[in-house]
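Below: the structure, in structure tokens.
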Amino acid sequence: MNIVLICMGFRYSDLLRNIRPSEIRQLSKYAASKDVISFSGGMPNPLTFPIADMEKIMDDVLEESGDIALQYGNTGGLDALKSEIKRLVKETENINVDEQDIIVTSGSQQGLYELGKILVNPGEPIITEEPTYVGAISAFDANLVDFHSVDMDEEGMRTDQTEDVVKKLVAEGRSPKFIYVIPTFQNPTGITMNEDRRKHILEIASRYDIPVIEDNPYGELRFSGRRMPTLKSLDQEDRVIYLGTFSKIMCPGLRIGYTVAPTELISKINLLKQALDLSSSTFSQFVAWQYLKRDIHKKQIPKSIALYRTLKDTMLDALNEYFPEGSSWSKPDGGMFLWATVDPSINTTDMLKEALASGVIYVSGNAFSPAKKQWNSMRLNYTFSDEAAINSGIRKLSELLKKKLSYNEPVSSAGK
Ligand SMILES: Cc1ncc(COP(=O)(O)O)c(C=O)c1O
């Protein structure tokens with residue numbers, strides 16, 4: 001008897017065509033390998049995870065509230081956790097907010113997706129930094145937004161250019177739906193926006209009546225320099241939507257983040273979240289609540305800062321020692337990444353395969369570039385590897401770059 005297999009032919013939505021695989025997600029299988037040094041993911045160092053504290057909290061939560069913690073929860077989030085978030089943002093960022101202006105999300109990644117979905121129609125313009133967080137590109141791409149990215153320098157987004165872009169769009173009758181920024185220890189560059197530019201963004205937003213999304217996963221991880229006020233704490237008009245997360249100051253495995261916004265917007269996000277996941281994990285929320293209530297972050301954050309500062313210094317020293325002439329890199333005051341730019345004759349996306357073959361990976365600049373103009377840059381994460389691996393990984397990358405430069409004609413030294 002012959003068996004004929006008939007395969008189902010799926011007819012996919014137009015939207016799917018816009019959803020591209022993330023380079024970071026694709027690289028994550030190599031990041032787990034012992035043979036590859038990974039500078040690719042935005043992963044906290046597991047040494048910072050408060051495993052013993054978590055064990056105690058989880059036992060207590062199950063013993064004291066297991067019947068509720070293992071049940072479905074409210075879409076908006078656990079009230080007790082929202083009270084702790086209110087205290088946290090006041091204590092750390094001087095943000096005054098009521099519980100009704102907070103929604104708990106499944107990581108701040110979900111907040112980005114929700115905001116793209118409820119604020120922008122397909123084809124409408126938004127403004128971002130150039131480069132910007134790759135996960136925000138995916139989240140907004142999934143709603144077919146029209147990206148307008150504004151260059152950065154070592155002081156953050158070039159807000160003089162932001163104003164030009166806004167003016168042009170407004171003149172075309174296409175006012176941007178929001179401005180999305182990561183002002184502190186930006187992902188991918190590690191750069192922090194200066195205070196004047198923070199104020200300038202708010203002025204532009206106010207003049208043209210545009211909402212601002214401030215994404216701040218790294219603000220607590222400062223090694224040096226003066227603390228900058230968040231846009232949200234400077235905002236007098238309730239126009240800043242603020243995204244926070246516990247991924248970098250607790251652990252990403254809980255998948256808990258939060259969005260702070262005016263009550264009306266929170267209710268719209270709530271509607272969409274009902275369709276997405278009903279609610280974020282109740283158990284994770286109980287754990288996050290107890291973690292904050294017991295002030296464990298106040299022990300964990302200084303430990304993370306001390307470790308990351310050392311690892312950042314190790315990477316900067318290695319770059320100084322090994323990277324070829326004509327390269328440059330950012331010198332972050334905090335966060336988890338630095339941004340290296342190499343000779344323009346080298347395409348870092350093309351080089352990635354060779355880097356993997358030499359046992360080291362990074363994320364190529366163009367993964368973060370709405371304008372696809374960061375071909376000769378790369379994001380280097382310094383928080384996941386130990387000092388020896390950072391040294392060896394930067395040496396391997398440098399050898400590869402030098403090899404490529406020996407048969408390319410370096411553009412920088414050619415003076416082009
Ligand atoms: C700028 C930025 N926003 C949002 C996220 C998402 O974080 P999570 O979903 O883990 O809260 C990240 C994670 O790396 C990030 O760097």
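For the structure I just gave you, tell me whether Ala340 is more than 23 Å from the chain's Cα centre (by Cα) and not assigned by TED's automatic domain parsing to the domain that holds Ile85. Steps first, please.
Working: more than 23 Å from the chain's Cα centre (by Cα): no; not assigned by TED's automatic domain parsing to the domain that holds Ile85: yes.
When the stated conditions are applied, Ala340 does not pass them.
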task = Only residues in segment 322-338 that are free of Cβ contacts under 8 Å to residues at least 24 places away in the same chain count as the first member; pair them with residues that are among the β-branched types (Val, Ile, Thr) and outside any strand (DSSP E or B), Cβ under 9 angstrom, at least 6 apart or cross-chain, and list the lot.
result = Ser328/Val342
Index of the failed condition, Leu278 passing every other in (1) part of a loop (DSSP other than H, G, I, E, B); (2) within 22 Å of the chain's Cα centre (by Cα) = (2)
ask   = Looking only at residues in segment 307-343 that are more than 16 Å from Tyr362 (Cα to Cα) and touching a Gly at 6+ places or on another chain (Cβ under 9 Å), which one is surrounded by the most Cβ atoms within 10 Å (Cβ to Cβ)?
value = Gly335
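For the structure I just gave you, tell me whether Ile266 is in contact with a strand residue (DSSP E or B) (Cβ under 9 Å, 6 or more places away or on another chain) and not assigned by TED's automatic domain parsing to the domain that holds Leu254. Even if it seems obvious, please write down each step before you answer.
Numbers: in contact with a strand residue (DSSP E or B) (Cβ under 9 Å, 6 or more places away or on another chain): yes; not assigned by TED's automatic domain parsing to the domain that holds Leu254: no.
No: the conditions fail for Ile266.
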query = Going through segment 198-227 one residue at a time, which ones are over 18 Å from the mean Cα position of the chain (by Cα) and either within 16 Å of the ligand (Cβ to nearest atom) or farther than 27 Å from Ile118 by Cα (or both)?
reply = Phe223, Ser224, Gly225, Arg226, Arg227
request  = Report the residue count in segment 281-328 for those that are more than 23 Å from Leu70 (Cα to Cα), assigned to a helix (DSSP H, G or I) and either within 24 Å of the chain's Cα centre (by Cα) or among the polar types (S, T, N, Q) (or both).
outcome  = 22
message = Of the conditions (1) more than 13 Å from the ligand (Cβ to nearest atom); (2) crowded, with 20+ Cβ neighbours inside 10 Å; (3) of a type in the set (A, V, I, L, M); (4) closer than 23 Å to Leu234 by Cα, Val97 satisfies every one except a single condition; which number is it?
response = (2)
ask   = Quick one: Tyr180 ticks every box in (1) within 16 Å of the ligand (Cβ to nearest atom); (2) farther than 30 Å from Ser281 by Cα; (3) hydroxyl-bearing (Ser, Thr, Tyr) bar one, so which box is it?
value = (2)
key: Given (1) within 11 Å of the ligand (Cβ to nearest atom); (2) surrounded by fewer than 21 Cβ atoms within 10 Å (Cβ to Cβ), index of the condition Ser108 fails   = (2)
ask   = Given (1) under 30 Å from Ile305 (Cβ atoms); (2) not in a helix (DSSP H, G or I), where does Asn391 come up short, assuming only one miss?
value = (2)
ask   = Considering Asp141, Asp146, which residue is modelled with pLDDT of 95 or more and charged (D, E, K, R)?
value = Asp146
query = Does at least one position in segment 73-94 carry a residue that is loosely packed, with under 13 Cβ neighbours inside 10 Å, of a type outside the set (A, V, I, L, M) and not in a helix (DSSP H, G or I)?
reply = no
query = How many residues are more than 10 Å from the ligand (Cβ to nearest atom) and among the hydroxyl-bearing types (Ser, Thr, Tyr) when one looks only at segment 243-261?
reply = 1
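Go through segment 338-362 and report how many residues are farther than 20 Å from Asn320 by Cα and among the hydrophobic types (A, V, I, L, M, F, W, C). Give the steps one after another, and end with the answer.
The initial filter retains those residues of segment 338-362 that are farther than 20 Å from Asn320 by Cα, namely 345, 347, 349-354, 356-359.
Restricting the remaining residues to those that are among the hydrophobic types (A, V, I, L, M, F, W, C) gives 351-352, 356-357.
Qualifying residue count for the region: 4.
Give segment 118-133 a look and list any residue that's more than 23 Å from Leu380 (Cα to Cα) and within 18 Å of the chain's Cα centre (by Cα), or say none. Quick ask: steps written out before the conclusion?
If we filter segment 118-133 for residues that are more than 23 Å from Leu380 (Cα to Cα), which is where we start, we get 118-127.
Correct list: Ile126, Ile127.
The values are calculated or read from the model by the stated rules, or taken from the named source; none is laboratory data. Only a predicted model underlies this, so the values are computations on that prediction, with no experimental measurement involved. Quick reminder, even Gly has a Cβ in these numbers, built from the backbone with ideal geometry, and neighbours come from all protein chains shown.
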